[in-house]
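**Student:** One structure follows; several queries about it will come next.
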Amino acid sequence: MFYLKYLKAELLRRWGKTLSISLGLAMASAIIIAIVSISNALSSAQKSVLYPLENVGTDIIVSRSVSAENMGQMDEATRVEFQSENRVTTDLSKLGNPGDDFTLDTFLSGTMLTFEKKVAEQVDKNLVKNYAQGLVLNVTHQEGKIPKVTAEFKTGGETVQQQMTEEQRKQMREAMDRATEEVRAKGLDPRSEEGRKALDEALKKYAPNLSFTTPERIYRQEVGPISTDIKTENFTVAGVDLGKKDIGLILSGQVTQGNYFNGTDQVIVNAAYAEKKGIKVGDKLKLGNKELQVVGIAEPKLYTTLADLYLPLDTLQAISGRTDRINVLLVKSTDAKSVEETGKSLEKLFPGAKITSSTETAKQVSGSLISAANLTNKFIGITSIIVILAAFIIAGLLSIISVNKRIREIGTLKAIGWSNLIVLRQLFLENLVLGFLGAALGIGLGVVTIFILNKYNISLSVSVGQQNIGQQFLRRFMGESQGVTTGVELKIAYDSLVVLIGGSVAIVGSVLAGGLASFKASRLKPQEALRSLE
Amino acid sequence: MAIIETKKLSKTFKQGSEIIKAVDNIDLKIGKGDFIVVVGPSGCGKSTFMQLLGGVDRPTSGEIIVDGLDIAKIREDRLTKLRQKTFGFIFQNYNLIPTLTALENVQAAIAKHSKNDSQKVISTLDQVGLDERVNHLPSRLSGGEQQRVAIARALINDPEIILADEPTGNLDSKTSEEILKILEGLSKNKKKTIILVTHSEQAIKIASRFLKMHDGKIVEE
C-alpha cells in the first residue's frame with residue numbers, strides 16, 4: 001500500500017501544513033458547534049419561558065379575574081362579590097384577652113373571583129384532553145399581642161363655687177376683708193404664693209358654707225384605631241389539584257428538594273420564599289387554623305411563580321373557608337391546533353371568564369433572553385453559512401497554496417506514470433484525513449468552548465411585561481410593579497447531532513475545497529507542471 | 001529497426017502575439033541501444049524535443065512512432081502507461097518527492113507493486129551506487145546522491161528508453177563523470193536506448209550519436 005505510506009509521509013513530514021489546515025478547519029467546526037449549541041440553548045430557554053403554561057401541562061387558563069381598570073364597570077352583583085371576597089374584618093377581642101399573643105390569617109381572592117368547582121366538570125370532553133382545578137389566594141397574615149381596646153379617665157375632685165345671693169356676696173366680701181386683714185397682720189403679702197394659701201385658709205374660717213367639692217368618678221371610653229406591635233405580612237398560597245398528574249399549578253417535576261404531596265395538610269414552598277424565610281423540608285408551618293408539614297421545595301417557572309406556598313386543594317379550600325370553590329382552571333386541549341377552538345368553547349361555558357392561552361402569555365415576555373434568542377434565530381442561518389463559507393475558503397486557499405507548492409511533484413509523478421485518478425486519489429485521501437483531523441480538533445475545541453461557557457453561568461433576563469388579560473394572574477401576586485423580571489440560566493447541552501454537524505463541516509469543507517484544487521492539479525499536463533518551475 | 005521515429009515533428013508555443021517554433025519539422029530515427037546526446041544553446045528546443053519523444057508533451061503536428069505506435073495520437077491513459085513502462089525520466093533538478101525517502105521515491109515509480117518492492121528498490125539503488133542512506137529524505141542527500149536516486153527511479157520499471165534532461169547540469173565535474181558512467185554502463189551493459197540532453201563535453205565523448213539543435217531544428221548530426 002504505497003499510497004498509504006505516501007499519505008503518512010506527506011501528513012507527518014509536512015506537519016506544519018497539516019497542523020495549519022486542520023486547525024483552520026477545526027476553528028470553523030468549533031464555531032459551528034458553539035453557535036448551534038448556544039442557539040439551541042437559547043431556543044430551549046426561550047421555549048421554557050415563552051410557553052410556561054405548557055410547562056404546567058396547560059395551554060389555557062380560565063379565571064374570573066376582574067381588572068382594576070374595570071372596577072367601575074362591574075355590575076352590582078360582581079362588585080358585592082368582589083368586596084366580600086376581599087373584606088378584612090378583624091375583631092381582635094375575640095382572639096383572646098388583651099396582652100395575649102395571636103396570629104391571624106385572612107384569605108383574599110383579590111381580583112380572581114372564585115367559582116363553583118362543579119362548573120369545571122361541564123367542559124367539552126372532545127376539545128379538552130385534561131384539566132386541573134386551582135385556588136390561588138392572597139394571605140394577609142397578622143401576628144402580635146392583642147391590644148387593650150379601652151382607655152381610662154379619672155374625673156372629679158375639684159373645688160367649685162356655687163352661684164351666690166346678694167347676702168352671700170356681702171358675707172363673702174366681709175370674710176375676704178377680714179381674711180386679708182388677718183394675712184397682712186401676719187406680715188404676709190396676700191398676692192404672694194404663701195399669702196394666697198393663708199388667704200384660702202382664712203376664707204374657709206370666715207365663710208365656711210360658701211364652697212363644696214365634687215365627688216370623684218372613673219369613666220371608661222372606647223378609643224379610635226389600635227396602635228400596637230401587630231405585624232402584617234402578605235403572601236400567596238395556591239391549592240393544587242392532586243387528582244391530576246400531568247397538569248396543575250405545580251407538578252412533581254418542579255420539586256427540587258424533598259417530595260411532592262402524598263397526603264393532606266402538607267405544603268410545598270417556593271424556593272425563593274423558602275430562602276427568604278429560612279424554611280426547610282420537614283419544618284412545620286401554621287396557616288389559618290392548620291399546622292402544615294413542609295414536604296418539598298419547588299422552583300416554579302416564571303409564569304408559575306404564582307404562589308409562595310402550595311397546598312393540596314382540599315386543604316386550602318378548608319382553611320380559607322372556600323369549600324368546593326376554585327378560581328383557576330388549567331386546561332389542556334386535545335391537540336395544539338384546537339387551542340383556539342377550545343378557548344372559544346370555554347368562553348361560552350364561563351360567561352365573563354378570562355381565557356388566557358399560552359400564545360397570549362408568550363407575547364408578554366421580553367428581556368435579554370428573548371432578544372438574544374430572536375437575534376440568534378434571525379442570524380443563525382446567515383452566521384452558519386458565513387462560517388461554513390469561511391471554512392471552505394480557508395481550507396480551499398490552504399489546499400491551493402499547498403497543491404501549488406507541489407506542482408513539480410505532481411508533474412513528476414505524472415511523468416513517471418501516475419494517472420490522473422491515482423494523483424486525485426492521493427490528494428483526496430490527504431484532504432479526507434485533514435478533514436477528519438480538523439473535525440476531531442474542532443469537536444474538542446467546541447466541547448471545551450461549551451464547557452467554559454457553561455462554567456460562567458450565563459444568565460439572561462426575562463421580563464413579563466404590562467399586565468394584560470391573563471397577566472392579572474401574575475401581577476396580583478407579584479407586587480404592584482409593572483413587570484416581573486427573572487433570570488434564566490443558559491444551559492448549553494452537548495448534542496451529539498450538533499457535534500456531528502460541526503465535524504462534518506470540517507470533513508466536507510476539506511474534501512470539497514481541497515478537492516477542487518486537487519482535481520485541477522490532477523488534470524494538469526505533466527509538461528505544464530514541469531515547465532512551470534523552469 | 002528504429003525504436004523511435006519522428007515524422008515532421010513540430011511544436012509551437014504562443015508567447016504574446018509571437019509564435020515560437022520550439023521544435024520545427026524534425027524527422028529522426030533512433031535505433032534500439034543508441035546513446036544519443038542532444039546539444040545546443042539554451043532555448044533551442046532540445047528539452048521540448050525530448051519531452052515530445054517521451055510522451056510528456058504533445059506535438060502541434062507530426063508523428064512520434066514508438067514501437068510502431070504513434071504516441072501523438074493515443075489517449076492520455078495509454079500514454080501514461082507507456083511513460084511508465086517504456087520510458088525512464090531523469091531531470092536536471094532530480095525532481096524527487098521531498099517528503100519521501102530515497103527508497104520511497106524509487107518505490108513511487110513502481111508500476112506493479114509487489115511484496116518484493118523494497119528488495120527490488122534496494123538492488124536498483126545499489127546498481128547506481130547508492131547502497132547507504134536509502135532511508136534519508138532528499139534534503140539530507142547530496143546532489144550526486146539525489147541524482148542516483150532519480151536514475152534508480154527511472155530504471156525501476158526496466159524501461160527500454162532513458163530520457164535524461166541535463167542530468168549533470170547541477171553537479172560538479174567529478175560527480176557528473178560518475179553519473180555519465182552510470183548512463184554509459186546502462187547503454188553498454190543493459191542495451192538501453194539513452195537520449196541525453198546536455199551541455200557536457202564529456203557526454204559527447206561517450207555518445208554513439210550526436211545531435212546539435214538550433215531554433216528547433218537538428219542542424220548537425
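The values are calculated or read from the model by the stated rules, or taken from the named source; none is laboratory data. Nothing here was measured: the structure is a model prediction, and the numbers come from that model. Cβ: placed from backbone, ideal geometry, glycine included. Neighbour counts: every protein chain shown.
**Student:** Got at least one residue in the range A:223-242 being modelled with pLDDT under 85 and assigned to a helix (DSSP H, G or I)?
**Tutor:** Scanning the range A:223-242, I find no residue that is modelled with pLDDT under 85 and assigned to a helix (DSSP H, G or I), so the answer is no.
**Student:** More than 41 Å from the chain's Cα centre (by Cα) and modelled with pLDDT under 85: is that true of A:Pro190 in this structure?
**Tutor:** Yes, satisfied.
**Student:** Among the residues of the range A:474-492, are any more than 14 Å from chain B (Cβ to nearest Cβ), at pLDDT below 85 and in a helix (DSSP H, G or I)?
**Tutor:** yes
**Student:** Restricting to the range A:109-130, and then to whatever is of a type in the set (Gly, Ala, Ser) and in a loop (DSSP other than H, G, I, E, B), can you tell me which residue is farthest from A:Gly243 (Cα to Cα)?
**Tutor:** A:Gly110
**Student:** Continuing with this model, one more query. Pick from the range A:311-338 the residues that are among the β-branched types (Val, Ile, Thr) and touching a strand residue (DSSP E or B) at 6+ places or on another chain (Cβ under 9 Å): which of them is surrounded by the fewest Cβ atoms within 10 Å (Cβ to Cβ)?
**Tutor:** A:Thr334
**Student:** Take the residues of the range A:5-17 that are more than 8 Å from every other protein chain (Cβ to nearest Cβ) and modelled with pLDDT under 90: which is surrounded by the most Cβ atoms within 10 Å (Cβ to Cβ)?
**Tutor:** Looking at the filtered set, the residue picked out is A:Lys17.
**Student:** Please state which of the following conditions B:Pro59 fails to meet, knowing it meets all the rest: (1) within 10 Å of chain A (Cβ to nearest Cβ); (2) within 28 Å of B:Met213 (Cβ to Cβ); (3) in contact with a helix residue (DSSP H, G or I) (Cβ under 6 Å, 6 or more places away or on another chain); (4) touching a residue at least 40 places away in the same chain (Cβ under 8 Å).
**Tutor:** For B:Pro59, the exception is condition (1).
**Student:** Run B:Arg83 past the list (1) exposed (fewer than 15 other Cβ atoms within 10 Å of the Cβ); (2) not in a strand (DSSP E or B) and report the number of the one that doesn't hold.
**Tutor:** For B:Arg83, the failing item is (1).
**Student:** A follow-up question, please. Any idea which of B:Val38, B:Val56 is under 22 Å from B:Ala203 (Cβ atoms) and modelled with pLDDT of 90 or more?
**Tutor:** So the residue among B:Val38, B:Val56 that is under 22 Å from B:Ala203 (Cβ atoms) and modelled with pLDDT of 90 or more is B:Val38.
**Student:** While we're here: One residue is enough: does the range A:271-289 have a residue meeting the conditions crowded, with 22+ Cβ neighbours inside 10 Å, in the same structural domain as A:His141 (by TED's automatic domain parsing), part of a strand (DSSP E or B) and at pLDDT 75 or above?
**Tutor:** Yes - at least one qualifying residue is present in the range A:271-289.
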